[in-house]
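Take a look at the structure set out below.
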Amino acid sequence: MATVIRSKISNKLSNAATTVTNKSQEKVSGMFAKLGFQAATDEEALGFAACDDLDYDHRQGLQMDILKNEGMGGEGGGDTGGEGTVEGDSHYQRDGTGPPPSASKDGGFCSELGGSDKPRITAWEAGWNVTNAIQGMFVLGLPYAILHGGYLGLFLIIFAAVVCCYTGKILIACLYEENEDGQLVRVRDSYVDIANACCAPRFPSLGGHVVNVAQIIELVMTCILYVVVSGNLMYNSFPNLPVSQRSWAIIATAALLPCAFLKNLKAVSKFSLLCTIAHFIINVLVIAYCLSRARDWAWDKVKFYIDVKKFPISIGIIVFSYTSQIFLPSLEGNMQKPSEFHCMMNWTHIAACILKGLFALVAYLTWADETKEVITDNLPSSIRAIVNIFLVSKALLSYPLPFFAAVEVLEKSFFQEGGRAFFPDCYGGDGRLKSWGLSLRCALVVFTMLMAIYVPHFALLMGLTGSLTGAGLCFLLPSLFHLKLLWRKLLWHQVFFDVAIFVIGGICSISGFIHSVEGLIEAYKYNLSD
């Protein structure tokens, strides 16, 4: 009798504790739900359960293999392709020679998280890729940002480096979730996957569409900027020739038409080394000339006040020079030691911050109020042509990478989504590109040329792109996704950082976009030259 009474009392106490816990969790969840945050979706929980089940099957399969080998004396132990194996058997091998597991509803979800035979890159190689992305030719527009921002422009170069480094890290953190054992598991593979997870379950594909649109805009605008800067530099290098800037842009586009025939990144990667060499030569020549005029540096021209109308454009220029978040998930997924990603991000952005700040300051001190949108246009005519030819070569060699990336996103979104595709596949059964698909690629090249002809303003276009998509992909979306997916695990200072970055990024994005558009309208209305 006493045992029955004790059991009833313990049951009532446990039920009461469970009820209180559930109510408190409901209150907390309801409060955060009103703020727009939610816990992990059921799809993610099912994904973890599937991974745990497969992991259990894997361990059981290894034990069965050991028992079978001991019972059969090892005979036939290495033959995993025999008739005795049927679909659904948990018969795995550590060397991967066993049959693949049966298809499940997750569409190969767990297999994507597992190891692959693709070559991995070291932290130094990953850092080299990030460095090439954030220290490209658009650094040549930073002195123009100092012209309108003064010392605050220098501060923003440092601030943007810190923020972009932080948002890159939290973006990668959104790729992982903890399983039941408390271990971090990579459950997402790309920026699009993170966006879709944030919009699930009501709009499971909305976030991916938003990120894809932002990526396409940024990549296409990058291609346009390469054509704009090529026409601008060639026109300023040979002003005596009867060739206008628009004509030079058309000539540059003619040289870029073969990009429409690109099939993979293998051909594109061949240009990387040439781009690096050209960029190194350009920086050395510009810095050497600036140092030769160190006695004439105009320190008194560096202002503590800002041009309210043009400074927001400078913010977009600075932000655009740091954009690398698009490919960070893929880069981290291909690293030999993903644990070194944070360290890699630290030293690459510290180096970029120092080099960009010094380059922008030294160049501005040399030419002060005469600083132009592309700093090489300030060089004397004797060396300007040589430097600009190297710069044009780098621009033309850099064009294929964003063009190919934009084509891939467009083809995957509109032509290769299976039953969800808007248009038929642009590739034939033999894998060759159809003629109309090639025509669309050529049309994209021509579109970049037309934009470069009718909007030939490098700084304004760069500021517009940085304010529209750069701030969104580097500031707004990573901080929002971090709050949305990991709010239960965030400390108060992390929440503060995310909210502050989102608010500041939103203000800078809106103001920069408005002033860039106003500048373009003014330049187009009064036919202002760069």
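The values are calculated or read from the model by the stated rules, or taken from the named source; none is laboratory data. Here the structure is a predicted model, which is why all the values come from computation and not from measurement. A quick note on method: Cβ atoms are made from the backbone with ideal geometry, for glycine too, and the neighbour counts reach across all protein chains shown. Heads up: the accessible areas ignore ligands, DNA and RNA and are worked out on the full protein's heavy atoms, side chains in. Shrake-Rupley method; radii C 1.70, N 1.55, O 1.52, S 1.80 Å.
Before moving on, here are some points about what is shown:
- Pairs exceeding a 27 Å alpha-carbon distance, out of K310/K356; K263/K484; K372/K525; K301/K356; K356/K484; K337/K489: K263/K484; K356/K484.
- For the stretch 121-270: relative contact order, % (alpha-carbon pairs under 8 angstrom, 6 or more apart): 9 percent
- For the stretch 370-385, putting each phi into the Karplus relation 6.51 cos²θ - 1.76 cosθ + 1.60 with θ = phi - 60° gives couplings of 8, 4, 9, 4, 10, 4, 5, 5, 7, 5, x, 4, 5, 10, 4, 4 Hz, in residue order, rounded to whole numbers and with x for Gly and Pro.
- Ligands, DNA and RNA aside, E180 has an accessible area near 150 Å² when probed at 1.4 Å.
- Dipole-positive endmost among S321, L401, N388 within the stretch 280-413 (Cβ charges, Cα centre): N388
- When only Cα pairs below 8 angstrom with a gap of at least 6 residues are kept, the stretch 176-224 shows a relative contact order of 22 percent.
- Per DSSP, loop trypsin sites (Lys or Arg not before Pro) in the stretch 433-519 with at most 15 further Cβ within 10 Å: K434
- The stretch 180-202 and the stretch 439-497: distance between their alpha carbon centers, rounded to Å: 21 Å
- Rel. contact order, % - alpha carbon contacts under 8 angstrom, at least six apart, the stretch 255-395: 48 percent
- Using θ = phi - 60° in the Karplus curve 6.51 cos²θ - 1.76 cosθ + 1.60, the 3J(HN,Hα) couplings for the stretch 486-499 round to 10, 4, 5, 9, 7, 7, 4, 6, 5, 4, 4, 4, 4, 5 Hz; x is entered for Gly and Pro.
- Once the Cα-Cα distance is subtracted from the 0.36 nm per residue extended length, the D369 to I504 segment shows a gain of 45.7 nm.
- Calculated Rg and Dmax of the stretch 105-251 using C-alpha coordinates, Å: 21.4, 72
- In the complete set of protein chains, residue-level accessible area for H493 is approximately 70 Å², probe 1.4 angstrom.
- For peptides 229-239, 318-328, 243-253, sequence by mean Cβ density within 10 Å, most packed first: 318-328, 229-239, 243-253
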